[in-house]
Amino acid sequence: MLIIPPIRSRNEVYMETTKLTYQKHLDQGSRIFIEKSLEQSLSLRRIALSLGKDPSTIAKEIKKHRIFQEHNKFNETPFRCALAKDCKRTSVCHTELFCSRLCKRCPKCHSFCSDYTPFDYHCPKTDKAPYVCNACPARGHCRLDKFYYRAVPSHREYRTTLTQARTGINMSEIDLAALDSLVSPLIRSGHSPYMILKNHPEIPVCEKTLYNYISSCVLSVKNLDLPKKVKYKPRKAHSLIIDDSGIFEGRTYKDFLAFLDESPDTPITEMDTVVGPSGSKKVLLTLHFCSSAFMMAYLLDSKDSSQVEAVFDRINRAVSTSLFSKIMPLVLTDRGMEFRHPDALECSIENSLRTRLFYCDPLASWQKPHCERNHEYIRKICPQTVTTFDHLTQDDVVLMMSHINSACRQSLNGLTPFSLARLMLPKALLDFFGLYEIPADEVILSPALLNGKNKL
């Protein structure tokens, strides 16, 4: 037997019921409860309060999913008249003399009687709550049309409707063509769906839907145009080589974490190099300012420590040692040979301390994730398999980094590194870098930016 919970106020239901209360859709268990409650002649209000729903929700559910059952036609009088109960008329047809039987007994009565009214098998009780005959005491011998509410078929119908509503493209051909003309060129320019939707709030779809459109091939761009959807090649396993050189004493990643514990608000700069394929000489030195996600790159003639030291000295001369120590007080890098002279990097030309240098653990590039993540933007413009930096100039690098720093980031809540750098980095440093902001729709994050200058 179904146990009916006591009636509570709506406020009590909303505050005390389970998660089901806050669900918009009814589940199968709720529909079974509705069916059992209707069979016990419970009111819609009591059913609604027990489920934590509005009574109108229950009424809509019943009327939408009730099952129609036509009246029993067994031994049914053909052309039954609605006035037959009180009808006493005879000889309506005037074809038979001395006919004494009532016309309502004649099967031809409807053809001659002007007052004939077809019998209405609709039950008026189904027009008001509870709208079904589940608990009607006369349903066993009633000769009218009936409505019943059944939980299982109702839930099956609901699931079918929900599935059909979520399939296909909810957009006209004209709107889809307009979306394609806007999105596809930006995708080919290296924009991510997030960047496109952030810069174009008028697009009437979400990021997930846009990815689905691309996967469904309803747009001219394909999944191959999205680098993130292409599987990465498995990385080669490297043997772990522990380097216990004395230069790392007091500069390990453990020392770095200990320093942050003492000075948690210290700005961090992650440093790394980006190399081309085997045989290429020039490399890129990248400096990533974690507070603003702003990255600068310098073109080095070789992967040599003297080249890195020269970059640090140029920045030092441009902004002064005191400002240098405020901008880059803490530098985290890997254990590459180009970074093996920490004293030269930490000290200025006047031999005063300008920064602190720390190293990641061996083969632990994940310890400087912001820099590594930002290198993905460089690889969009300069793919690793076909990239050589030998044909580039520093102006080309400045152009590339200007586009990269002008791309909005989901990690920055839709802002660009440029917009944050103007607030967090001194103007003298930005002027020294020589970068310039690119309009959102003009940002190019593909090899087309450098016009093939970086290819082998």
DSSP-assigned coil residues among GluC sites (Glu not before Pro) in segment 247-322, each with at most 14 further Cβ atoms within 10 Å:
Glu249
Of the peptides 403-409, 436-442, how do they stack up when ordered by the mean number of other Cβ atoms within 10 Å, highest first?
403-409, 436-442
For a paramagnetic label modelled at 7 Å from the Cα of Glu70 toward its Cβ, which residues of segment 119-144 fall within the zone defined by backbone nitrogen distances under 18 Å?
119-123, 142-144
Report, in deg cm²/dmol and to the nearest 500, the calculated mean residue ellipticity at 222 nm for the chain, where each DSSP H run with n ≥ 4 adds -39500 (n - 2.57) and the sum is divided by the residue count.
-10500 deg cm²/dmol
Exposure-ranked with fewest Cβ neighbours within 10 Å first, Arg80, Arg354 stand as Arg80, Arg354
As straight-line cross-link partners of Lys85, the qualifying lysines (C-alpha separation under 28 Å, not fewer than 8 residues apart within one chain) are Lys73, Lys104, Lys108, Lys125, Lys128, Lys146
Just want the ordering: Asp127, Asp361, from fewest to most Cβ atoms lying within 10 Å of their own Cβ.
Asp127, Asp361
Fewest first, what order do Ile187, Ile174, Ile349 take by the number of other Cβ atoms within 10 Å?
Ile174, Ile349, Ile187
FRET efficiency (Gln394, Glu202; Cβ distance; R0 45 Å; to 0.05) is 0.70
Any lysines whose Cα falls less than 23 Å from that of Lys303, other than same-chain ones fewer than 8 residues away, would be Lys236, Lys281, Lys282, Lys368, Lys380, Lys453, Lys455
Relative to the Cα centre, what is the charge dipole magnitude of segment 173-229, using +1 at the beta carbon of each Lys and Arg, -1 at the beta carbon of each Asp and Glu, and rounding to the nearest 20 debye?
340
What share of the DSSP beta bridges in segment 263-450 is antiparallel, in percent to the nearest 5?
65
Under 19 Å Cα to Cα from Lys326, which lysines show up? Leave out anything in the same chain fewer than 8 places away.
Lys427
Among Gln394, Asn413, Pro426, whose Cα sits farthest toward the positive end of the charge dipole of segment 263-450 (+1 at Cβ of Lys/Arg, -1 at Cβ of Asp/Glu, about the Cα centre)?
Asn413
How big is the antiparallel share of DSSP beta bridges in the chain, given as a percent to the nearest 5?
75
Please report, in cubic angstrom per residue, the volume enclosed by the convex hull of the alpha-carbon atoms of segment 173-229.
73
Multiply the residue separation of Ala318 and Gln367 by 0.36 nm, subtract the distance between their alpha-carbon atoms, and state the gained length in nm to one decimal.
14.7 nm
Taking Cα atoms only, Rg over Rh for the chain with Rh from the Kirkwood formula is 1.31
Looking at segment 249-365, send over the antiparallel percent of its DSSP beta bridges, to the nearest 5.
65
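No lab work stands behind these numbers, since they all come straight from the coordinates. These figures come from a predicted structure and were not determined experimentally. Because the Cβ atoms are built from the backbone with ideal geometry, glycine has one as well, and the counts that use them run over all protein chains shown.
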